[in-house]
Amino acid sequence: MASLATSRTLNDPTMIARHEQWMAHHGRIYTDENEKQLRFQIFKSNVAYIEAHNARSNQSYTLEVNKFVDLTNDEFRASRNGYKKQPDSDSRVVSGLFRYANVSAVPDEVDWRKEGAVTPVKDQGDCGCCWAFSAVAAMEGINKLENGKLVSLSEQELVDCDIDGIDQGCEGGLMENAFQFIEKRKGLAAESVYPYTGEDGICNTKKAAIPAAKISGHEKVPANNEKALLQAVANQPVSIAIDASGYDFQFYSGGVFTGSCGTELDHAITAVGYGATMDGTKYWLMKNSWGASWGENGSSPIQFTRISWSKTL
């Protein structure tokens, strides 16, 4: 019955009107009629996928017709998922004991938003600099915990200025390199001083010379180690990478995400807490950088088993 209902909905002439309403709501303007027809077909296909998912009774999370619904998954990933893996030839190893290794007891749940250590959700736009937003969110959190002040820091400084190695602005980057850049530059400017533009720009050394926060080092969380990540997130927000390549993450609306999540890491986000649902499903609370209209006000609870790799300050 659900499949039949979905089919009727998609064949209804009102689907065109629905697309027009969606375009008006999101301010979408196409270059010509050919592009509009192409986007309409993608829109219709994605709506069918979303409605079929939501019609299933056993889902722990829902999808929605959001601002990304006229994009193919390949297009979406190309514009939003800019995490770059560490080159195989890079053999750097973080020495010493993981700083939280001896933490034996952690709270049942943590939400750093409630502790005032998380800035409002930001939107990277059509720029693959998720790596910068992830690194900055983790730094904003530790700065609040160490200094008592929550300051929104500049992703744009990283996009414009951290371009001598793996990090290449909207073309992608790596959080570890961002931390190294911040350490070398003795801090990062405030967002109010060096605001985000959503595109690659020329490094403004004058603005970058006014740091609002500093870090003295960073550290990797042991890879694929749930206990270690739990110990870290219990003490501070953590910059992490996930596989966010599927349609379900593109259209995610709410609930604990239990969808497909592999090990081909392509997107950087920030772990800002953890908890469990009434039925005992454990989840990580993730701050994303796709705007407040995505997910649960820009965030997503993701089931414990879906996280593959992480790092921290």
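Read-outs: derived from the displayed coordinates by stated rules, not from any lab. Note that the coordinates shown come from a computational prediction; the quantities given were computed from them, not determined experimentally. So basically every Cβ, Gly included, is an ideal-geometry build from the backbone, and we count neighbours across all protein chains shown.
Of interest is the spacing of the C-alpha centroids, which for the range 224-242 and the range 282-301 amounts to 16 Å. For Lys214, the aspartates and glutamates whose Cα falls under 13 Å of its own Cα, not counting residues fewer than eight places away in the same chain, are Glu140, Glu146, Glu183.
Coupling constants for the range 192-202 follow from the phi torsions by the Karplus curve (6.51 cos²θ - 1.76 cosθ + 1.60, θ = phi - 60°), and in residue order they are 5, 8, 10, x, 6, 10, x, 8, 5, x, 7 Hz; glycine and proline get x. Which one of Pro237, Thr263, Gln21 has its Cα pushed farthest toward the positive end of the charge dipole of the chain, where Lys and Arg give +1 and Asp and Glu give -1 at the Cβ? Result: Pro237.
Per residue, the average separation of C-alpha pairs within less than 8 Å and at least 6 apart gives the range 53-181 a relative contact order of 27 percent.
Springs between Cα atoms under 10 Å define the GNM used for the chain, and in it the highest mean-square fluctuation of Arg99, Arg77, Arg113 occurs at Arg99.
Taking R0 as 25 Å, what FRET efficiency do you get between Ile163 and Lys85 from their Cβ-Cβ distance, rounded to the nearest 0.05? For Ile163 and Lys85, the calculated efficiency is 0.85.
Sorting Cys161, Cys130 from the fewest to the most surrounding beta carbons within 10 angstrom yields Cys161, Cys130. Descending by average beta-carbon neighbour count within 10 Å, the peptides 207-214, 258-265 line up as 207-214, 258-265, the highest first. Shown in residue order for the range 232-246 are the 3J(HN,Hα) couplings computed by the Karplus curve 6.51 cos²θ - 1.76 cosθ + 1.60 at θ = phi - 60°: 5, 5, 5, 10, 5, x, 10, 7, 9, 10, 9, 8, 10, 7, x Hz (x for Gly and Pro).
Charges were assigned to the Cβ only: +1 to each Lys and Arg, -1 to each Asp and Glu. The resulting dipole of the chain about its Cα centre is roughly 680 debye.
The amide H of Met286, built 1.01 Å from its N in the peptide plane, has Val272, Ser300, Ile302 as neighbours under 5 Å, considering only residues 5 or more places off or on other chains.
With contacts taken as Cα pairs under 8 Å at a separation of at least 6 residues, the chain carries a relative contact order of 21 percent. Here the Gaussian network model covers the chain, with springs between Cα atoms less than 10 Å apart; of Glu219, Glu64, Glu20, Glu20 fluctuates the most.
Per-residue packing, averaged as other Cβ atoms within 10 Å, sorts the ranges 177-188, 285-296 into the order 285-296, 177-188, beginning with the highest. Using the Kirkwood radius over C-alpha pairs as Rh, can you work out the diffusion coefficient of the chain via Stokes-Einstein at 20 °C, viscosity 1.002 mPa s, in µm² per second? This corresponds to a translational diffusion coefficient of 105 µm²/s.
Database remark: amide H of Val103 closer than 5 angstrom to no amide H (H placed geometrically; neighbours at sequence offset of 5 or more, or on other chains; Pro and chain starts carry no H). When the chain is treated as a GNM with alpha-carbon contacts under 10 Å, the residue of Val106, Val69, Val121 showing the greatest mean-square fluctuation is Val106. From most to least packed by mean Cβ count within 10 Å, the peptides 228-236, 46-54, 28-36, 275-283 give 228-236, 46-54, 275-283, 28-36. Only helices enter the 222 nm calculation for the chain: every DSSP H run of n ≥ 4 contributes -39,500 (n - 2.57), and dividing by all residues gives -10000 deg cm²/dmol, rounded to 500.
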